[in-house]
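Colleague: Got a structure for you, written out below as structure tokens; questions coming shortly.
Only the coordinates and a few stated rules stand behind these numbers; no lab work does. Being a predicted model, the structure only gives us computed values, none of them experimental. Counting neighbours? That spans all protein chains shown, and the Cβs are built from the backbone with ideal geometry, glycine included.
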Amino acid sequence: MTEVMPDYQVKNVEPVVVGIDIQVRLFTLEQGDVIPWHYHSESMDHYFVLRGRLTIETRNPDRRHDLAAGERYKILPNITHRISNEAPSECQFLLVQGVGKYDWRKPDLGRARRPSVADFRLFLLCPNERIA
């Protein structure tokens, strides 16, 4: 696991709120744009698709979700994920991250991560929510 600054480029990222333990950004992805595999050690990602289609892939659990406008998805801390636009048109989504210190960690994709006690507690708090 390596803590790094995000090293990717997408069409547009507009900060809406930037705080100590929460941030909200509006992303626009063109066809083929990718936010590479990464995870956050403390904060959850809440994706709200506003326009187009968004693909979210996770590791451990290995899942793939294709979301349309109006759909949302939550990723718990320490879940490795990759975000992309595989559709022929742009997609736009609102990303709410928090509550917790923001970090962007590059995973060791050769090694599976074991779920933590914190992951289990969050699952018990939100059993019916669509989460990774």
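Colleague: Below 11 angstrom from the Cβ of Val96, what's the summed charge of the other residues (Lys, Arg +1; Asp, Glu -1)?
Modeller: Here the count lands on +2.
Colleague: Next up: Express in nm, to one decimal, how much length is gained between Val34 and Ala68 on full extension, taking 0.36 nm for each residue of separation and deducting their alpha carbon distance.
Modeller: Contour length minus Cα-Cα distance gives 10.6 nm.
Colleague: Gain in length, Arg105 to Glu57, computed as 0.36 nm per residue apart minus the alpha-carbon separation, to one decimal in nm?
Modeller: So the extension gain works out to 15.7 nm.
Colleague: Still on this structure, I have one more. Quick one: order Val10, Val17 by neighbouring beta-carbon count within 10 Å, fewest to most.
Modeller: Val17, Val10
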